[in-house]
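For reference, the structure discussed in these notes is given below.
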Amino acid sequence: KGNGVDPIDVISLLGADALRFGMATMATETQDVRMPVEFQCPTCAARIDQTTQNRTKPKILCSKCNEEFRTQWATDEADLALPRGAAVSERFEAGRNFSNKLWNATRFVLMHLQDRSDSTPQAQFNDFRQFPLEDRWLLSRLSTVSALVSDHIEHYHFAEAARLLYAFAWDEFCSAYLELCKPRLNNPEQKTQAADMLLLGLDTILRLLHPIMPFVTEEIWQNLAQDHRLRQYPWDKNTIPSSIMVAAWPRPPDGWQDPATETQIQAFLEIVGAIREIRSRQNVPPRKTIDVTVVAASQKQALLTPMKSAIEAMAVCRVVDLASDAQPAPGSAEISAADCDIFIDLAELIDVDAEIMRLQRELSKLDKVINAKQAKLKNEKFVSHAPPAVVQKERAQLAEFEAARTKQGDILAGLEARKP
């Protein structure tokens, strides 16, 4: 019917692993999955949406470069002489980008393993409780993720396994752990331990990913084998084999799992992500240090205080206060994360007029929601007939919206007071 994608097109443009990863993430038990399809112009690489009008045409005129190309439906000799435009889907590009991310992570790891060889003693895990915080977190996440991926695969939940590995490898290992261990990698006395943990993390990710992305994982495995083929981990009975296809499946000990450490690092990552979101939204220059105030309950303070320097390094900021009664600078931008309120002082950077307009729009939306909730709760028929749990949920939501309205209103008032 012309409403599909030729796998050969995807392989030639993005790679076989991109195809496999895309198919894995779309795997479901019963429901259909929507997959947008586009033609890619062979002349300028522009993407043209596939529609009911053009999906079975033998040739198409590119709207970008005004050059014609043929589709898989071409039969006439004149049409067959045109260059062929592949039918592709954006759903497979994540796999290509993921492959590139794995290669970049591998280069980073190998760069810091240059002065190590198989004769260098590896880190021992008997005393892992004495490891630095970020190493204990990595060990815990490797154990947790390995158990979850194993369970997903055993129950044929391939999409869940693929998405979990993508999030762990990209967001936690590459974006978080690699950044957290950089100071130790630059310290000759601490570099060995950090490099060993990098190798452990990469090795485990490769094994877990191999059923889904066999080609890139095998290629990276061969690169690691050149200088580190004698590495060995608790789930390896003997020296690891030359091919990842017959390597032992990673089964980290349950004792590695540390829920408290995972909770602490998760809160830290959410705070960093929230600050970065504000920086991006306000177009703050990447190297510009900004002042941040974090309003957090005592329990969150205990988790975040040891991570203060890491927050400052990864979010390019200065945490001026971290307390339950912290007072932000007037007119600071606000965002919530990890059950904390984060205020970013952008006095010298923010477009006050634009931010006032944005807040006014947000307040208008909140007012509509609050009015609707209030009207619903004033309806005696609803209150008397609805289950008590439903009524209580509506009241709790109203309280949340009203609290958000108060916060946003205070910020708006502070910004308006700064205007001349």
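When residues of segment 219-244 are filtered for being open to solvent by 50 Å² or more (accessible area, probe 1.4 Å) and either modelled with pLDDT under 95 or of a type in the set (Phe, Trp, Tyr) (or both), how many remain? Full working, then the answer.
Going through segment 219-244, the residues open to solvent by 50 Å² or more (accessible area, probe 1.4 Å) turn out to be 219, 222, 226-227, 229-230, 232, 234, 237-239, 242.
From what is left, the residues that are either modelled with pLDDT under 95 or of a type in the set (Phe, Trp, Tyr) (or both) are 222, 226-227, 229-230, 232, 234, 237-239, 242.
Looking only at that region, the number is 11.
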- Note on the structure: In segment 295-335, residues that are within 26 Å of the chain's Cα centre (by Cα), among the β-branched types (Val, Ile, Thr) and either over 22 Å from Arg281 (Cα atoms) or open to solvent by 40 Å² or more (accessible area, probe 1.4 Å) (or both) total 2
- Task: Write out, first by first residue and then by second, each pair whose Cβ atoms fall under 8 Å of each other, whose residues are 6+ apart or on separate chains, and whose first residue, in segment 13-41, is under 19 Å from Arg84 (Cβ atoms) and free of Cβ contacts under 8 Å to residues at least 60 places away in the same chain while the second is of a type in the set (S, T, N, Q) and crowded, with 17+ Cβ neighbours inside 10 Å.
- Result: Val37/Gln50; Val37/Ser89; Glu38/Gln50; Glu38/Ser89; Phe39/Gln50; Phe39/Thr71
- Task: Could you tell me whether Val145 is touching a Phe, Trp or Tyr at 6+ places or on another chain (Cβ under 9 Å), assigned to a helix (DSSP H, G or I) and at pLDDT 90 or above?
- Result: yes
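Filter segment 130-188 down to the residues that are polar (S, T, N, Q) and without any contact (Cβ under 8 Å) to a residue 60 or more places away in the chain, then identify the one that is surrounded by the most Cβ atoms within 10 Å (Cβ to Cβ).
Step by step, filter segment 130-188, then rank; the result is Ser175.
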- Message: Conditions first: (1) within 28 Å of Ala396 (Cβ to Cβ); (2) open to solvent by 20 Å² or more (accessible area, probe 1.4 Å). Ala338 passes all but one, so which condition is the exception?
- Response: (2)
- Item | Within segment 249-303, tally of residues that are under 11 Å from Ile344 (Cβ atoms) and of a type in the set (A, V, I, L, M) | 7
- Subset of segment 233-286 (residues that are under 17 Å from the mean Cα position of the chain (by Cα), over 23 Å from Ser143 (Cα atoms) and either not in a helix (DSSP H, G or I) or not hydrophobic (A, V, I, L, M, F, W, C) (or both)): Gly273, Arg276, Glu277, Ser280
- Query: Going by the conditions given, is Pro252 touching a residue at least 40 places away in the same chain (Cβ under 8 Å), open to solvent by 40 Å² or more (accessible area, probe 1.4 Å) and not aliphatic (A, V, I, L, M)?
  - Reply: no
- Note on the structure: Out of (1) over 30 Å from Thr263 (Cβ atoms); (2) in a helix (DSSP H, G or I); (3) open to solvent by less than 60 Å² (accessible area, probe 1.4 Å); (4) among the small types (Gly, Ala, Ser), the one Ala347 does not meet is (2)
- Message: Looking at segment 96-112, can you tell me whether even one residue there is modelled with pLDDT under 95 and farther than 28 Å from Ala16 by Cα?
- Response: yes
- Message: Given the options Asp325, Asp345, name the one that is modelled with pLDDT of 85 or more and within 18 Å of Glu416 (Cβ to Cβ).
- Response: Asp345
- Item | Answer residue from segment 195-232, given it is more than 21 Å from Ile11 (Cα to Cα) and without any contact (Cβ under 8 Å) to a residue 24 or more places away in the chain and is farthest from the chain's Cα centre (by Cα) among those | Gln226
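The values are calculated or read from the model by the stated rules, or taken from the named source; none is laboratory data. Worth saying up front: this structure is predicted, and the values here are computed from it rather than measured. Every residue, glycine as well, gets a Cβ built from its backbone with ideal geometry; the counts of neighbours run over all protein chains shown. Protein only, heavy atoms only, side chains kept; ligands, DNA and RNA dropped before computing areas. Shrake-Rupley method; radii C 1.70, N 1.55, O 1.52, S 1.80 Å.
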